[in-house]
Amino acid sequence: MPLAYTSQRVAYPYFVIALLLFALQVIVGIWLALSYAVTIPQGLVDILPFSTTRAIHTNLLVLWLLLGFMGTTYFMIPEETEREIFSALLAYLQLAILAGTGVTAVVGFLFGWTKGKPLLEIPFPLDYLVVVGALIFLFNVGMTILRAQRWTVVQGSLFGGLVFLAVMYLFNLPFYANLSIDWYYWWWVIHLWVEGAWELVAAALTAWILIKITDVPRELVEKWLYVELGLFLFTGIAGTGHHYYWLGAPKYWLWVGGIFSALEPLPILLMVLDAWHYIRNRRDGIKGRLVFTLAVGMSILHFVGAGFWGFLHTLPQINYYTHGSQVTVAHGHIAFFGAYVLLNIMFFYYAMPKLKGLAEFDERRGTLAFWWMSITMMLMTLAFSVAGVLQTYIERVMGLGYMTAQAQMRFWFAILVFLGLSLLGGVILTVLDLLTLRPAPAVAQSGPAVR
Amino acid sequence: MTNKLAKLIFYLGTLISLVLFLALTFDTHRQIQTLTHADQLSEQVVAGKQVWHKYNCNDCHTILGFGSYYGPDMTRVYWRRGSEGIKAVIRSPEKFTTWRKMPRLPVTDEELEELVAFLRWASEIDTHGWPPQDQKLRGETGRAAALGVSPGAVLFQEKGCFACHRVYGTGGQQGPELTHVGSRLSYETIEKVLTDPRSASPRATMPPPVVSHEERDQLAAFLAGLK
């Protein structure tokens, strides 16, 4: 089965690099869990401190997710606009710039070259190269849409989300002398990315996949997309306030942040119901059972992670005790996995067979890997949560020392080392499977009976 | 739901949230100057923030609760350890850590002073009482500081003297006002009264304070100084 548009092929190297960085991210993550569980000798800590490996872990996450989104966009936009990509060459150039910058930054961290701001450690002038890469991307996609003159809501949401994403990164560039103002705008990048711009991208990609794998009318999907986007932005923008409770901002943020962020699970719930509704009311069979499994699994874990685990500690009365503890870590892991990791993997499984010219492929390994990773991640979330509750109670409620609490949490980090190894197994299986997709066995069969 | 309504939800929802958010951001910028006492942002404090970034402290420690969770929160570290304590840990972390290590960083003496200035400034940010675990420190450090200056003043507070006596507008009114007691009574007289209140007046109802000899002398010194 040939590709509808030859320039869709540019997505392939994006996917391959993203997948390799994903595996690397998880390997570094296991080291982080180990650093919590056992004593790392002083000599090694002096050369390779926790701060360095933590920066690598988080930057690899952001880098591979963004490369995944970009590859996905390049795969989708020709079909959506019914035009070839404006310039395939620019797409490759952009990949070289962004992946090159990212890898340089990660190596730089090892030598202490850092901006020293969590999650946004990429130092000057590399951060400006990121902007250049993003501008090339927006130009390339924008020109494709502009020349096609075929306006759809899905395109609009996707492109809007990407522009929003790029604009927000700019708030990371200046140096803020006041620590409180620094963190105020840090959240304009981080929060408005994951609970704003990235949600627009995710909603658009999910809508597009649903149009492709079910036969539900586009008008219906696009109508509900409007409602979802409206709710995402209504709750998400003012919901930024749930990060402003304790940073030196006025007290009204406790009200605004509490109320708006408590509503944040609603649009995600709508997305779950939406996907479920389309899939149940389809007329034909599902085209590609694994992609369907991933779509449902993604929306459910998106709700569990971003919605439920977020809601648990978003109200100021609770957040006063949980803020800056392992409870945040539990939420961070399951939210990123449910919302954005599975989204990327779903799309990889949709696009990779087509990029390799396979009409149908053997879905057994991929399905096994999905369940393996999802169950492991759910267990990891529970382990982080137990550690977080211990920390909250011992350190913040009882008022005992920081290390006293950490000693009680150590056991759970030892568990997390093993869960991390298990996750790595699932990730390696996913990566290998995607890179070596095999045609479906000749016997007609629909997916394995893993469920 | 009609298409029109769906679009309305999108535009209205986004607009309301955005306008509210930007308006509050504008107001926050005005108020944050006071809440963070931005007038105290000296060059040394700002240089200290750069030191904080340079050594990537924030990827192990949180500050204002943000960052990484591998080490304790730094918002109120100045209350916990004071400037000399902070310097000692950074100079030789291996002496202060047990099973979880902090790297030995090549921080210069000048950078150390700047970092302490930054952490001292940060410790005064109005965080609405966060973090909970450091809240009680405020009183304790206040007490420690006062103890260094005047142990008698601390005893006056701790032994409950304020219940009956008033000093500079604070305290009860059953007993005599003590704001200028040092100009009326000598150190020796005060010491006698503290040992046996009736030595000053047979009708005195004050119970003799439960204090050691040393504490009594400290109290007397404090009161004699109130002139």
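The values are calculated or read from the model by the stated rules, or taken from the named source; none is laboratory data. Since the structure is predicted, the reported quantities are computational estimates derived from the model, not experimental observations. Methodologically, a virtual Cβ is constructed for each residue, glycine included, from the backbone with ideal geometry; neighbour enumeration extends over all protein chains shown.
Elements of the type helices (runs of 4 or more DSSP H) sitting completely within segment A:302-347 and holding at least 1 residues that are away from every other protein chain (no Cβ under 14 Å): these cover A:309-312, A:326-336.
Among residues of segment B:76-103 being out of contact with any helix residue (DSSP H, G or I) (no Cβ under 6 Å at 6 or more places or on another chain) and in a loop (DSSP other than H, G, I, E, B), the one that is nearest to residue A:328 (Cα to Cα) is B:100. Here A:135, A:93, A:120, A:158 are screened, and the one residue that is closer than 30 Å to residue B:63 by Cα, touching a residue at least 24 places away in the same chain (Cβ under 8 Å) and hydrophobic (A, V, I, L, M, F, W, C) is A:120. Residues in segment A:348-360 include none that are over 17 Å from residue A:190 (Cα atoms), touching a His at 6+ places or on another chain (Cβ under 7 Å) and part of a helix (DSSP H, G or I). Here residue A:181 does not qualify as under 16 Å from residue A:339 (Cβ atoms), within 13 Å of chain B (Cβ to nearest Cβ) and surrounded by fewer than 22 Cβ atoms within 10 Å (Cβ to Cβ). Count of segment A:1-40 residues, restricted to those that are in a helix (DSSP H, G or I), free of Cβ contacts under 8 Å to residues at least 40 places away in the same chain and over 22 Å from residue A:342 (Cα atoms), is 3. Listed by first and then second residue, the pairs linking a residue in segment A:379-399 that is surrounded by fewer than 16 Cβ atoms within 10 Å (Cβ to Cβ) to a residue that is assigned to a helix (DSSP H, G or I) and among the polar types (S, T, N, Q), with Cβ atoms under 7 Å apart and 6 or more places separating them unless they lie on different chains, are A:399/B:133.
Yes/no matrix, rows are residues, columns are (1) touching a strand residue (DSSP E or B) at 6+ places or on another chain (Cβ under 9 Å); (2) modelled with pLDDT of 95 or more; (3) not assigned by TED's automatic domain parsing to the domain that holds residue A:435:
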| residue | (1), (2), (3) |
| --- | --- |
| A:283 | no, no, yes |
| A:313 | no, yes, no |
| A:317 | no, yes, no |
| A:327 | no, yes, no |
| A:335 | no, yes, no |
| A:348 | no, yes, no |
| A:351 | no, yes, no |
| A:359 | yes, no, no |
| A:371 | no, yes, no |
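Inside segment A:225-251, residues that are in a helix (DSSP H, G or I) and within 7 Å of chain B (Cβ to nearest Cβ) make up a count of 10. Condition check: in a helix (DSSP H, G or I) and within 9 Å of chain B (Cβ to nearest Cβ). Does residue A:219 satisfy that? Yes. Selection of segment B:120-159 for residues being β-branched (Val, Ile, Thr) and at pLDDT 90 or above yields B:125, B:127.
Return the residues of segment B:28-54 that are more than 7 Å from every other protein chain (Cβ to nearest Cβ) and not hydrophobic (A, V, I, L, M, F, W, C); say none if nothing qualifies. B:29, B:30, B:33, B:34, B:37, B:39, B:40, B:42, B:43, B:44, B:48, B:50, listed by residue number. Scanning segment A:381-397 for residues that are under 25 Å from the mean Cα position of the chain (by Cα) and within 13 Å of chain B (Cβ to nearest Cβ) yields a total of 3. If you go through segment B:46-59 and keep only what is surrounded by fewer than 23 Cβ atoms within 10 Å (Cβ to Cβ) and part of a loop (DSSP other than H, G, I, E, B), you end up with just B:55.
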